[in-house]
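Everything on this sheet refers to the single structure shown next.
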Amino acid sequence: MSETRSDGELLRAVAADADRRAFEELYRRYAPWLRARLRGRCADPSVVDDVVQETFLAVWRGKARYREEGDVAGWLWRIGSRRLVDALRGDGARGRLRQAMARLRHRDEVSAEDRVLAGVEHGDLAGALVRLSPELRAVLQATVIDGLTTREAAVLLGIPPGTVKTRAMRARKQLREALA
């Protein structure tokens, strides 16, 4: 009977020995979860599948190094979400809006934030969001659109939870002022 290795043990085996079994176990453990999370940000399943593959390839090839800080899921999410941003970057604002609209069509219950975003194509809200600094937009993306908790957003963004709260407060204030 084999014992289940911890995430840290699996990652060390992949990094140090290119242990294929450890990599496969890590993939089986986290790929479905990562795929489900990425689908919340991107309605195109082929883009999501590509991003999941690129994320795990980065781990296998050693381009992404786990520093044993935080949990492995948060670390993989950080890699995957950055890869997704890179994949969608070419689409620009229209592509992101199409992704948001596609997400809305696939949900039974639509949140207030999604209804507002769906109703704005080139209006004041879109302009106000674009004028936010990248740091503030990232916090809004993580907490409002992705629905992450402050703690999850902190792990994803690699900043302390207090900083997430402060940036969210600043972003909301700037949006209120811009839309007043």
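Observations on the structure shown:
- Which listed residue, of A13, A36, is assigned by TED's automatic domain parsing to the domain that holds S81, surrounded by 12 or more Cβ atoms within 10 Å (Cβ to Cβ) and out of contact with any Gly (no Cβ under 8 Å at 6 or more places or on another chain): A13
- Region 1-60, subset acidic (D, E) and farther than 30 Å from I145 by Cα, residue farthest from the chain's Cα centre (by Cα): E3
- Of the criteria (1) farther than 19 Å from D7 by Cβ; (2) of a type outside the set (D, E); (3) modelled with pLDDT under 80, which one R67 fails: (1)
- Residues in region 131-166 that are among the small types (G, A, S) and farther than 14 Å from R82 by Cα: S133, G147, A154, G162.
The values are calculated or read from the model by the stated rules, or taken from the named source; none is laboratory data. What you see is a predicted model; the values in this text were computed from it and never measured. All Cβ positions, even for glycine, are placed from backbone atoms using ideal geometry, and neighbour counts span all protein chains on display.
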